[in-house]
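One structure below.
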Amino acid sequence: MCCEIKRRFLLLYATQKGQAKAIAEEICEQADAHGFEADIHCINESDKYNLATEKDPLVIVISTTGTGDPPDTARKFVKEIKNKTLPADHFAHLRYGLLGLGDSEYMFFCNGGKIVDKRLQELGAKHFYETGLADDCVGLELVVEPWIDGLWLALKREFTSQNRKEDMSNNLRAVSNGVSTMAVDTNMSGSCSLDSEIQNLKLEEVKASDALSERAADVNSVVSVQDIEPSLDQSVPPLSQSALNIPVLPEEYIDVQFQDIIGQEPSLSSLISDSTAFDVPVTKAVQLTREDAVKTTLLFELDISKTTFCYQPGDAFCVMCPNNASEVQELLCILGLSERKMCFVCVTIKQTTKKKGAARPQHIPERSTVEFILTWCLEIRAIPKKAFLRSLAEYTSDAREKRRLQELCSKQGASDYNRFIRDSNICLLDLLHAFPTCRPPLNLLIEHLPKLQARSYSASSSNLFQPGKLQFVFNVVEFPPSPSRPISRKGVCTGWLAELVASMLQSHKSSLHTKEGKSLTVKVSIYARPVNTFHLPSDPSVPFMMVGPGTGISPFIGFLQHRQKLQEEHTDWKFGETWLFFGCRHQDRDYLFRDELRSFVENGTLTHLKVCFSRDPPPATEKAPAKYVQDNIRLCAKEVARVLLKERGCFYVCGDARHMAKDVNDTLVDILSIDAGVDKLEAMKILATLRQEKRYLQDVWT
């Protein structure tokens, strides 16, 4: 019997933090078992594929970044396909399926995928499989897994359809060339067999749909078992008694060789490829909130005077942070690597690997110690993907623990995965505590843990106002304990910065001291973000409004510092009016930059300051005071409409995307609708135009 020829499809991914790549690799892993061969590439590797001549089906997995932009790796691709000189049938030969990743807490959900999807269709490409939009807010896997399951059937249909078209084309050619009727009948009978195959595929599709429905019913069913509660490390019937559909075991492709060599650790600059990192001293660290405030807010000041780092007010920049030191040491201990933590390791690709596109992760230096890798390179707090759980099960010696890990990564255990891992923010260290016989090797961590990402912050200062200084403000992120994780944690970066503050406040200086009494200046590594449009209007006469509750005020302090300095230096210039809508919980606990804001009002830099306090009791003189920033915006509706529509001003929003940014957007729609005398749909179009004109700008996060 001759070997089956696997049918090829082109698989492209565009990723920002690695999720799209991981999902594409999962598709690639599964393809072989379904009789396909995935030709996988990052979408920016345009030298390795050519869509203009591509004949096979195309599958795209693409994430979204910022406030709705395609990821950095897709910028070049998007720019190329948006070329207005391309004809409407440029991609008429393409048949594709697209999976978009996003977060519904942001206004432009899955917009990166939607941009590519829309443009491909405008250029004539057609779907062979419906577009999937996965929501990280509720769990990507809720859409990703069924979408991948359905992909194989869609590919079979597509290849069957292509074969049928080719056979029909051959028949027509045969008739036109005078081939005998018998030959034609033979080909037509082949076509009939293809019709039969299509019918079989349709039956298979119905069965698959029924199976998905049954699985969904199982996932959504409520199981009540007396005296037994499921937990991270324990399941209950029917899951504990079910046959499991678990993911294909990912092939290991990384080889780690330990070397008993002492050398110099790589610099942090080697961990980034598209920018330059600067080690800068911390010159100030201040707590802006009172001790009894709901959140702890800190201000950091960095000295950039001896570097070439430059920024504008409103720019964001990245802080390179390490994993929590105690967690790293605990992980080293559990994995049995404590005595080898200072050993240099050589990371290579296994020569025997069959993994397609296997490559050494670029965020792992060629020569570094075990401790450096776990501290600076891998996101050890990352929520484990199901493929990682599947691999961890193979390194778990206890049968009960192994079964539970298999359940958590199975289709039948989707509900438990969401409840006990995803929603509980479980990380590798939590799993190793819950499953004590699990002992994965270092290569498995390198293969499955994503890159430790630098954290982005908005500049809250102006280099014109404070030359050589860069300030930023942040809340210390707190993760409360949960049934799956009984200990609380601070954010990776904000927790680390908070520890630096504690050290500096303890010493009452801007430097730390070693045990030997030597002064050691506290430094952090930063680098610039490549693209940003959240800037002041280029024309100082243009009026603008700023909305920034809580730490959302951060970039606007830089705006106002810059504006104050310009007004001092250019007394003959005309300056437009400025508005700030600020809000916090308590006037006496977390009113950030209160003195600075009053000073801006007194010297005329800030024309209008509207402040509200959501948790303070209303003054006796006010019946219905503004509770949130959107309430104050409504109270100033006429002025908002005037600035935006009549005076062509700018409107800036910074802060929480989950609630505040959406509420402010809805408020603006209402204001524009009433002022312009149009319905809400038309008002939304007006707001979309303002966004396109860069007059409605957002810098938001979840």
Considering region 531-558 alone, what residues qualify as being assigned to a loop (DSSP other than H, G, I, E, B) and small (Gly, Ala, Ser)?
538, 541, 548
Residue 32 versus (1) farther than 30 Å from residue 692 by Cα; (2) surrounded by 17 or more Cβ atoms within 10 Å (Cβ to Cβ); (3) free of Cβ contacts under 8 Å to residues at least 40 places away in the same chain: which is the lone unmet condition?
(2)
Strands (runs of 3 or more DSSP E) within region 559-675 that include 2 or more residues within 26 Å of residue 540 (Cα to Cα) and among the β-branched types (Val, Ile, Thr)
none
Suppose we keep only residues that are assigned to a loop (DSSP other than H, G, I, E, B) and of a type in the set (A, V, I, L, M) within region 472-504. Which one would you say is farthest from residue 655 (Cα to Cα)?
487
The one condition in (1) surrounded by fewer than 17 Cβ atoms within 10 Å (Cβ to Cβ); (2) touching a Cys at 6+ places or on another chain (Cβ under 9 Å) that residue 142 fails to fulfil
(2)
Of all the strands (runs of 3 or more DSSP E) wholly in region 217-317, which have at least 1 residues that are modelled with pLDDT under 95 and farther than 30 Å from residue 551 by Cα?
254-259
Every residue in region 327-374 that is within 26 Å of the chain's Cα centre (by Cα) and either in a strand (DSSP E or B) or within 30 Å of residue 460 (Cβ to Cβ) (or both), please.
327, 363
Say whether the condition of being out of contact with any helix residue (DSSP H, G or I) (no Cβ under 9 Å at 6 or more places or on another chain) and either in a strand (DSSP E or B) or modelled with pLDDT of 95 or more (or both) is met by at least one residue in region 25-47.
no
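For (1) under 30 Å from residue 320 (Cβ atoms); (2) under 24 Å from the mean Cα position of the chain (by Cα); (3) outside any strand (DSSP E or B), each residue gets a yes or a no:
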residue	(1), (2), (3)
388	yes, yes, yes
445	yes, yes, yes
463	yes, no, yes
470	yes, no, no
Out of everything in region 676-702 that is surrounded by 15 or more Cβ atoms within 10 Å (Cβ to Cβ) and over 20 Å from residue 536 (Cβ atoms), what residue ends up being nearest to the chain's Cα centre (by Cα)?
701
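The values are calculated or read from the model by the stated rules, or taken from the named source; none is laboratory data. Predicted model only: the values in this text are computed from it and were never measured. Note: ideal-geometry Cβ built from the backbone for every residue, glycine included; neighbour counts use all protein chains shown.
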